[in-house]
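Notes follow the structure.
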Amino acid sequence: MKKFLLYSILFLTLAGAVDAGYLLIETAKGLAVVCPNVPVGRFNLNQCNIVLATPYAKIFFLPNAFYGLGAYLFFAILVLYELNKKHKTGSIKFLSYLSAFGILIFVYFIYLQIFIIEAFCFYCLLSAFIMILIFISSVFYLHK
């Protein structure tokens, strides 16, 4: 069961890296991001380009997707480290702390999307959901 959880976390980290990588590549090229047209109340999840055009989409002149991609790749390294050792290394505990911090960051970004920007980005919400799943999976791993 523990190996299954580790492989699940690894899959989630790679899915998050693909999500962040897609946003990073498209924004770096200056292209519009293609989002699914899914209505959610008064919002629609196809407003990625509105969200990505705001000043909140960059920190220190780099797109947030750059930091997300780095985080997900680092998470994958932590999981691979745990998979390749014969005993617990503590890397998943560190991963759980980092993913909890990632959730706090996403709470702030979702707040911005709802109340400040008034637009939703499908890929941003997907990344937040993946981060939550990584956190939950890492906590389950630690308590098994």
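The values are calculated or read from the model by the stated rules, or taken from the named source; none is laboratory data. Here the structure is a predicted model, which means the values were calculated and not measured. Here Cβ is always computed from backbone atoms with ideal geometry, including for glycine, and neighbour counts include all displayed protein chains. Please note that ligands, DNA and RNA were not included when accessible areas were found on the heavy atoms of the full protein model with its side chains. Shrake-Rupley method; radii C 1.70, N 1.55, O 1.52, S 1.80 Å.
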In whole Hz and in residue order, list the ³J(HN,Hα) couplings for the range 118-135 that follow from phi through the Karplus curve 6.51 cos²θ - 1.76 cosθ + 1.60, θ = phi - 60°; x for Gly and Pro. 6, 8, 10, 10, 4, 5, 5, 5, 4, 5, 4, 5, 4, 4, 4, 5, 5, 4
Taking only Cα atoms and a 10 Å spring cutoff, compute GNM fluctuations for the chain and point out the largest among 59, 110, 130. 59
Please report how far the C-alpha centroid of the range 92-144 lies from that of the range 15-87, rounded to the nearest whole angstrom. 12 Å
Comparing 29, 86, 58 in a Gaussian network model of the chain (Cα, 10 Å), the one with the largest mean-square fluctuation is 86
A convex hull over the alpha carbons of the range 49-144 yields, per residue, a volume in Å³ of 92 Å³
When we measure straight from the Cα of residue 29, which lysines land under 21 angstrom away, once same-chain ones fewer than 8 places off are left out? 58
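Defining a contact as two alpha carbons under 8 Å apart and six or more residues distant in sequence, what relative contact order in percent does the range 1-126 show? Present the calculation step by step, with values, prior to reporting the outcome.
Details: 119 pairs, mean separation 44.8, N = 126.
Once normalised by length, the contact order is 36 percent.
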What size of dipole, in debye to the nearest 20, comes out for the chain about its Cα centre when the only charges are +1 on Lys and Arg C-beta atoms and -1 on Asp and Glu C-beta atoms? 640 debye
Take residue 107 and residue 32, extend 7 Å from each Cα along the Cα→Cβ direction, and tell me the distance between the two endpoints in nm. 3.5 nm
Measure of size requested: the Rg and Dmax of the range 1-66, with Cα atoms as the atom set and Å as the unit; please supply both. 15.0, 43
Please check: in the Gaussian network model of the chain (C-alpha springs, under 10 Å), which one of 89, 27, 13 has the largest mean-square fluctuation. 89
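Provide 140, 60 ordered by accessible surface of protein heavy atoms (probe 1.4 Å), highest first.
Details: 140 120, 60 170 Å².
Result of the area sort, largest leading: 60, 140.
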Tell me, what does the Kirkwood hydrodynamic radius of the range 60-110 come to in angstroms if you use every pair of distinct C-alpha atoms? 12.1 Å
At residue 94 and residue 22, where each label point lies 7 Å from the Cα along Cα→Cβ, what is the point-to-point distance in nanometres? 3.0 nm
Run the helix sum for the chain: -39,500 (n - 2.57) per DSSP H stretch of 4+ residues, divided by residue count, reported at 222 nm to the nearest 500 deg cm²/dmol. -23000 deg cm²/dmol
